[in-house]
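Engineer: Supplied in structure tokens, the structure appears directly below.
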Amino acid sequence: MIWFADERLEFIQWIMCWLSEYKPVLRFNELQRWIGTISYKALSGTLKEMEHDGLVIPKEYPQIPPKVEYNLWERGQSLLLVINLMCSWGEA
């Protein structure tokens, strides 16, 4: 699999792949544990950017401690198709 040079794009690729292939809904802490090499601040910023771009949709639960789940929007699913095609092209 090809990884993007920009670290933020790499995290976006990890998140989108995980949401599409392994688990359709993920909580913040699950994402952070799965990626492993990302700080709280970097993951939070990446998810906010992905939400702003229409790639993921957060669902917030009014509880203590706060609970937020993330899911791919249709736009995120269509971008994932492009990323997968690029990965296939790179492996050829």
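Every read-out reported here was derived from the displayed coordinates using simple, explicitly stated rules and does not represent laboratory data. Only a predicted model underlies this, so the values are computations on that prediction, with no experimental measurement involved. Note that each Cβ is placed from the backbone with ideal geometry, even for glycine, and that neighbours are counted across all protein chains shown.
Engineer: Sort region 26-76 into rounded, prolate or oblate with this rule: let a ≥ b ≥ c be the square roots of the eigenvalues of the Cα gyration tensor; rounded if a/c is under 1.5, and if a/c is not under 1.5, prolate when a/b is larger than b/c, oblate otherwise. List each step's numbers first, then the result.
Structural biologist: Values: a/c = 1.75, a/b = 1.10, b/c = 1.60.
Note, shape of region 26-76 comes out oblate.
Engineer: Which one of 76, 39, 63 is farthest out on the positive end of the charge dipole of region 31-92, using unit charges on Cβ (Lys, Arg +1; Asp, Glu -1) and the Cα centre as origin?
Structural biologist: About the Cα centre, the residue reaching furthest to the positive side is 63.
Engineer: Continuing with the same structure: Net charge around residue 67, counting only other residues with Cβ within less than 13 Å of its Cβ (Lys, Arg = +1; Asp, Glu = -1)? The partial results should precede the final answer.
Structural biologist: Details: positive: 27, 59; negative: 30, 60, 69.
Charge balance in the 13 Å sphere: -1.
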